[in-house]
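Values in this text are rule-based calculations from the coordinates and carry no lab data. Here the structure is a predicted model, which means the values were calculated and not measured. Please note: Cβ atoms are built from the backbone with ideal geometry, for glycine as well, and neighbour counts cover all protein chains shown.
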There are 2 protein chains.
Amino acid sequence: MSHPLDQNDPLAVKRQAFQVPDGVIYLDGNSLGVLPAHVPARLQQVVAQEWGNSLIRGWNDHGWFDLPAKVGNRIARLIGAEENTVVAADSTSINVFKVLAAALQLRPDRKIILSDNGNFPTDLYMAQGLRDLLDRGHELHVVSPDEVEANITDEIAVMMLTEVDYRTGRRYDMSALTEKAHASGALAFWDLAHSAGAFPVDLAGAKADFAVGCGYKYLNGGPGAPAFLYVAPKHQDQITPPLTGWMGHDAPFAFDLDYRPGTGIDRMRVGTPPILALSALDAALDVFDDVSMNDIRTKSLSLCELFLSEVEARCPNLELASPRDPNVRGSQISFRFKEGYALMQALIAKGVIGDFRAPDVVRFGFTPLYLSHADVMRAVDIMEEILRDRLWDSEEYKTRQKVT
Amino acid sequence: MSHPLDQNDPLAVKRQAFQVPDGVIYLDGNSLGVLPAHVPARLQQVVAQEWGNSLIRGWNDHGWFDLPAKVGNRIARLIGAEENTVVAADSTSINVFKVLAAALQLRPDRKIILSDNGNFPTDLYMAQGLRDLLDRGHELHVVSPDEVEANITDEIAVMMLTEVDYRTGRRYDMSALTEKAHASGALAFWDLAHSAGAFPVDLAGAKADFAVGCGYKYLNGGPGAPAFLYVAPKHQDQITPPLTGWMGHDAPFAFDLDYRPGTGIDRMRVGTPPILALSALDAALDVFDDVSMNDIRTKSLSLCELFLSEVEARCPNLELASPRDPNVRGSQISFRFKEGYALMQALIAKGVIGDFRAPDVVRFGFTPLYLSHADVMRAVDIMEEILRDRLWDSEEYKTRQKVT
């Protein structure tokens, strides 16, 4: 089945770069991206050749040591970051800790971290853990997204926000809020978990101070792929890393007894990087080499609008949870439905894979590199059938599994 | 060429479980273990099937969520740890931070971390970073290894030691020092980087409080494999994790706004685990399933003694840097040689891969699962020739590369 909007899609050819399972319409690339088709062979080469044959020599011979910087620079291109401002390392959670601790040191006289209750919880958890660890009177102010702007005062040390809300897809105006934060003397720290690879981001243009992001969502790096972090050039030599590991040392192989931070973004490295996982992410980024983030955004808007309009026309039981205005939305559409968990299980059973987020949100991510408008129509057909025939209303689908 | 000591070696059959490159005698398993032969196929399955076909469903269907605990329990068996006391996660450096921060909280009235100048530098760096971050008067006392015992006083909060010195192979008496630390009210925290998989460790028997260790040395988990950490059962529900990520939350998928630590060792998890790297480590541990750590130690001693005696007899220019007494040594033998860097380069050029550690140490690790006594003899033959003919004395070998 084809759809007229797919006829002149410059990204249509990219679908063959991915191993989309037969019979699956995958609307969960914002949880875990689809496997790029060339990654298995590349990883096999890394395992059997680079590790298997080169062994310890791989650190030199295959560029393992520089891989966090290399992958960082490849990601930088997708998020509007300057060269040598991004490093791929650790998990998003740990990168939140590193960035936030470094940022607080730059504003020693301010005690408030401002965030919002739409932030992904681990960002808030890491901030709480840091606040308690420091035990120096810092406070985490968590307000609703529409109260953020009004709460930017000259008491704020760091404004810590995720650009796109993981449940609703609501997207902040990064540039305007960063400017507002700076006008109050606060630093702006952005989590790009649902931004990087999803649409154009312009960290340098927005004058963001810090950012983190995820390797396994729109960047398709594989389950638990290494995350990344960004530090604006002007801050790089001012910050003191809180996690002072040997890979961030100025001379890692001198084996000095005292830590001395490395130059620039390198100091934000900590331990030995997981080369297998990082190599998979590196390979996965190849698919972005010849695409324009603007083309990705254009198609994302088209896919999202089609989905939104079709669902509203055919599935009246669902309540839109995402902003209607595409300008304040990422690359996902979410709806509220009381039996959302069961609905999503029923959808998955019929090959439409989205995500459920408690208490009642069904979430659909749109990844222009491997989705077509025909996929969107087919997904709505299936959801319409499930709702019309109440196929979600069974114990099989209502029984919760531990992880979804 | 065979050697009589290989005739009745119960571990000889294990060599075929590894992909040892042709023409290589690998004496660097204490830097990066050899690829277990079945890992490429297993990893291919994880990539193409688990990720490629199951996509997000892999978290349930393939046990990804429980993998850090599963791998942790497999490692626990090798280091004498109780069930559910070990989790595989993050890097060793980050685990040092997590454990040390948690340990200091248990001794709020004490300010001194005791360590030694033979510790791997990243352990000291992480302690320095934590000390500076906390800024509450903590001190890191770094003494020489033979001064540690005398410096255990009732001012010490935590004694942080690596059981086996990465340069010399000197091994502490974990049980005796832990007892001494406890008698002074201090906690004992052991880094098992050069212990786990190298010889029997008995964390529970020694009453160790905390431990960390490395996945890519004797455990053969691949370059930058996830590390592990251990928390004694009695401390698990007493400690407050400093890195409070969603995977350590009591209910990760409830998406609460407030952090609440998980039960037991689970709270020491932080972010989403790197499933590809963790699966490789998981698979690599298979080779330990049917071997006895006592057999590994017996063969390790035999390999090391043969190497030591042959080198001393045939390479008089080398000065032993390791303890002569095997009871206070791990599974490596190190020598000092002024032109150690060039010597190691010459050895590597002839297929004998060891390691150089500044300023003048050549280090040889012995991994009983894939080395034979014949390998040891051949390695000494080559080293004897290099030293006799001064083959190390060339610009080619003296020129330093960035990483070795």
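Couple of notes before you dig in:
- Contact order relative to length of region A:65-272, as percent, for alpha carbon pairs under 8 angstrom and 6 or more apart: 24
- For the protein assembly as shown, share of DSSP beta bridges that run antiparallel, in % to the nearest 5: 55
- Estimated 222 nm signal from helices in chain B, with DSSP H stretches of n ≥ 4 weighted -39500 (n - 2.57), rounded to 500: -9500 deg cm²/dmol
- Charge dipole (debye, nearest 20) of chain A; +1 at Cβ of Lys and Arg, -1 at Cβ of Asp and Glu: 360
- Here the ratio of the Cα radius of gyration of chain B to 2.2 N^0.38 Å is 1.01.
- In a reduced charge model with +1 at each Lys and Arg Cβ and -1 at each Asp and Glu Cβ, the protein assembly as shown shows a dipole moment near 180 debye about its Cα centre.
- Cross-link partners of residue B:111 among lysines, defined as those whose alpha carbon lies under 30 angstrom from its own and excluding same-chain residues fewer than eight positions apart: A:98, A:111, B:98, B:180, B:207, B:234.
- Net charge dipole, region A:251-397: roughly 340 debye, given to the nearest 20, about the Cα centre with Cβ charges of +1 for Lys and Arg and -1 for Asp and Glu.
- Per-selection Kirkwood Rh - the protein assembly as shown (Cα, Å, 1 d.p.): 27.4
- Residues of type aspartates and glutamates that residue A:350 reaches as a straight line, Cα spacing below 18 Å, ignoring anything fewer than 8 places off in the same chain: A:22, A:28, A:339, A:375, A:381, A:384, A:385, A:389, A:393, A:395, A:396, B:61
- On the principal axes of its alpha carbon atoms, region A:325-404 extends 37, 24, 21 Å, with the longest extent given first.
- Taking Cβ atoms as reference points and 9 Å as the exclusive limit, the residues near residue A:68 contribute a net charge of 0, counting Lys and Arg as +1 and Asp and Glu as -1.
- Antiparallel content of DSSP bridges confined to region B:65-272, in %, to 5: 35
- Amide proton proximity set for residue B:111, modelled H, under 5 Å, gap of 5+: B:157
- Put in order of Cβ neighbour count within 10 Å, fewest first, the listed residues B:170, A:324, B:107, B:269 become A:324, B:107, B:170, B:269.
- For residue B:66 and residue A:251, the FRET efficiency from 1/(1 + (r/R0)^6), where r spans their Cβ atoms and R0 equals 30 Å, is about 0.15.
- The 3J(HN,Hα) values that the Karplus relation (6.51, -1.76, 1.60; θ = phi - 60°) gives for region B:222-230 are, in residue order, x, x, x, 3, x, 8, 9, 9, 10 Hz. Gly and Pro appear as x.
- Residues of region A:16-51 with amide N under 19 Å of a point placed 7 Å along Cα→Cβ from residue A:286: A:16-21, A:33-51
- Residue A:18 long-range amide H proximity, modeled H, under 5 Å: A:37
- Using θ = phi - 60° in the Karplus curve 6.51 cos²θ - 1.76 cosθ + 1.60, the 3J(HN,Hα) couplings for region A:73-78 round to 5, 5, 6, 3, 4, 7 Hz; x is entered for Gly and Pro.
- For residue B:142, residues with placed amide H under 5 Å, excluding near neighbours: B:115
- Model label zone, residue A:350; criterion: amide N under 12 Å from point 7 Å along Cα-to-beta-carbon; scope region A:381-400: A:381-393
- Beta bridges assigned by DSSP with both partners in chain B are antiparallel in approximately 55 percent of cases.
- Relative contact order of chain A, pairs being alpha-carbon contacts under 8 Å that are 6 or more residues apart, as %: 22
- Evaluated over region A:65-272, the Cα radius of gyration and Dmax, each in Å: 15.9, 50
- Spin-label pair residue A:175-residue B:314: with each label point 7 Å from Cα along the Cα-Cβ axis, the two points sit 7.1 nm from one another.
- Between region A:247-261 and region B:148-223, the alpha-carbon centres lie 23 Å apart.
- Couplings 3J(HN,Hα) for region B:350-359, derived from phi with the Karplus relation 6.51 cos²θ - 1.76 cosθ + 1.60 (θ = phi - 60°), are 9, x, 9, 9, x, 9, 10, 10, 4, x Hz, where x marks Gly and Pro.
- The loop-placed GluC sites (Glu not before Pro) in region B:6-105, going by DSSP, that have at most 16 neighbouring Cβ atoms within 10 Å of their Cβ come out as B:82, B:83.
- Which of A:38, A:87, A:76, positive extreme of dipole for region A:1-93 (C-beta unit charges): A:38
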